[in-house]
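The structure under discussion appears below in the form of structure tokens.
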Amino acid sequence: MKQAGYQTAFFGKWHIGGDFLKKDDPNTIYRGPRNKPELDVDIKKIVGGGPRYQGFDYALSFQAGIQDVPYAIYENSVFKPIARNSEITFISQAKMDKIGVKLDKAEGLGDSNWNPHDMGPLLVKKAMDYIDANAYKDKPFFMYYSALAVHLPHTPTDELNGIKIAGTTPSKHLDLVKELDVQIQMLIDSLKKQGIYDDTIIMLTSDNGGLLRMNTLKSGHRPSDIYRGGKNQAYEGGNRVPFIVSWNNHFKHQINESPVLGLDIMATLAELNHIEISADQALDSSSLLPLLENKSEDLDRVIYTQSGTGKEVMLIKDGFKLILQVDKSDKSNHTQTPIALFNLNDNPGELEAHNLITNAKYQPKIKELATLYHATRKSGRPTASRFVNN
């Protein structure tokens with residue numbers, strides 16, 4: 001996007017790494033054990049790996065969202081105090097108990113005024129300020145808004161934009177979903193206020209399926225809708241999420257069931273801006289313009305994904321999905337054994353209800369997909385392996 005002449009900004013949860021210095025050694029990058037609270041790290045400044053080091057002109061980042069350490073905000077890689085009296089301190093569960101927060105991950109260093117209930121409103125208001133300040137600059141802007149919702153800890157704000165949030169739905173999780181809806185409305189209202197809504201493309205999606213270990217079903221909410229499973233699982237509920245694209249007066253309303261990847265955003269934006277991506281970049285990305293402009297009903301592609309803790313690999317081709325179990329104890333080959341075949345062309349309500357792995361009729365299809373997987377893996381070509389970690 002910078003190559004296309006855009007100013008670029010990142011807001012929200014980063015969570016793909018970043019370097020800090022050792023507290024007592026300004027010349028050494030901190031590397032910790034990660035199995036206990038890490039206190040010998042200087043969290044005042046990100047010195048590598050954050051959004052500013054990946055090309056963003058501006059960044060307001062939460063290195064692990066509200067999920068994990070450091071419990072702090074960074075503006076352009078520098079610790080941004082939440083309040084005037086903020087100082088770096090130890091964020092313990094006992095401290096969080098006082099404000100009704102159950103830490104999702106480790107205790108550790110952070111801002112003394114850390115309260116995850118307040119972080120969503122803070123984030124969206126900073127993003128609105130950016131829109132207001134940059135709407136009419138010489139360069140258009142590209143904003144990556146990485147919402148802190150709806151991850152644990154589920155800490156909805158009391159009120160946002162004059163709308164009551166906390167306690168208005170059957171669960172705190174759904175309160176956060178409501179809060180995210182309000183945040184998106186606030187951003188859209190800012191674009192309209194500045195008169196640039198019709199010139200702005202909005203893409204909204206999630207990185208994985210819903211969490212099933214919560215009591216969401218008791219509330220009547222099914223985070224994966226009709227699909228089986230959820231986050232970290234090889235089933236469609238672990239990977240299949242809505243992908244919403246809006247460009248007023250340009251893209252006509254439609255619903256398309258063709259499988260796409262979040263990675264496709266890069267190739268799509270490149271084509272929209274007439275930017276040629278170099279041959280060694282974005283190898284797993286395909287432009288979605290043919291779908292968005294109704295010039296094609298689907299993309300002819302093979303998709304490889306992987307589940308998280310289950311150590312499973314999934315291959316989808318022509319609506320058939322093969323799941324392979326990976327034996328990582330086999331260090332040399334990582335042996336993969338087919339354990340499930342599903343016909344995703346069936347009634348959506350019955351997706352993955354019937355495992356066809358032992359069905360004689362489908363043995364040729366299993367062989368075809370397994371052969372394709374092993375051939376592309378053996379070739380060592382990244383273009384043949386579309387891996388998305390959910």
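Descriptive notes on the structure:
- As a summary of the residue check, Ala106 satisfies the conditions (1) closer than 18 Å to Tyr30 by Cβ; (2) at pLDDT 95 or above except for the one numbered (2).
- Leu152 vs. criteria touching an Asp or Glu at 6+ places or on another chain (Cβ under 7 Å), crowded, with 18+ Cβ neighbours inside 10 Å, at pLDDT below 95 and within 20 Å of Phe11 (Cα to Cα): yes
- Residues in segment 16-25 that are within 16 Å of Phe79 (Cα to Cα) and in contact with an Asp or Glu (Cβ under 9 Å, 6 or more places away or on another chain): Phe20, Leu21, Lys22, Lys23.
- Of the residues making up segment 307-332, those that are open to solvent by 60 Å² or more (accessible area, probe 1.4 Å) and either at pLDDT below 85 or part of a strand (DSSP E or B) (or both) are Thr309, Gln325, Asp327, Lys328, Ser329, Lys331, Ser332.
- Filtering segment 344-369 to residues that are surrounded by 14 or more Cβ atoms within 10 Å (Cβ to Cβ) and either modelled with pLDDT of 95 or more or assigned to a helix (DSSP H, G or I) (or both) leaves Leu356, Ile357, Tyr362, Lys365, Ile366, Glu368, Leu369.
- Residue in segment 196-213 that is most open to solvent (accessible area, probe 1.4 Å), counting only those that are charged (D, E, K, R) and in a helix (DSSP H, G or I): Asp199
- Residues satisfying the stated conditions in segment 257-300, i.e. in a helix (DSSP H, G or I), farther than 23 Å from Thr8 by Cβ and either open to solvent by 50 Å² or more (accessible area, probe 1.4 Å) or touching a residue at least 12 places away in the same chain (Cβ under 8 Å) (or both): Leu291
- Residue within segment 234-249 that is under 18 Å from the mean Cα position of the chain (by Cα), assigned to a loop (DSSP other than H, G, I, E, B) and surrounded by fewer than 13 Cβ atoms within 10 Å (Cβ to Cβ) present: yes
The values are calculated or read from the model by the stated rules, or taken from the named source; none is laboratory data. Computed from a predicted model, the values in this text were never measured in an experiment. So basically every Cβ, Gly included, is an ideal-geometry build from the backbone, and we count neighbours across all protein chains shown. Just so you know, the surface numbers come from the protein's heavy atoms only, side chains and all, with ligands and any DNA or RNA stripped out. Shrake-Rupley method; radii C 1.70, N 1.55, O 1.52, S 1.80 Å.
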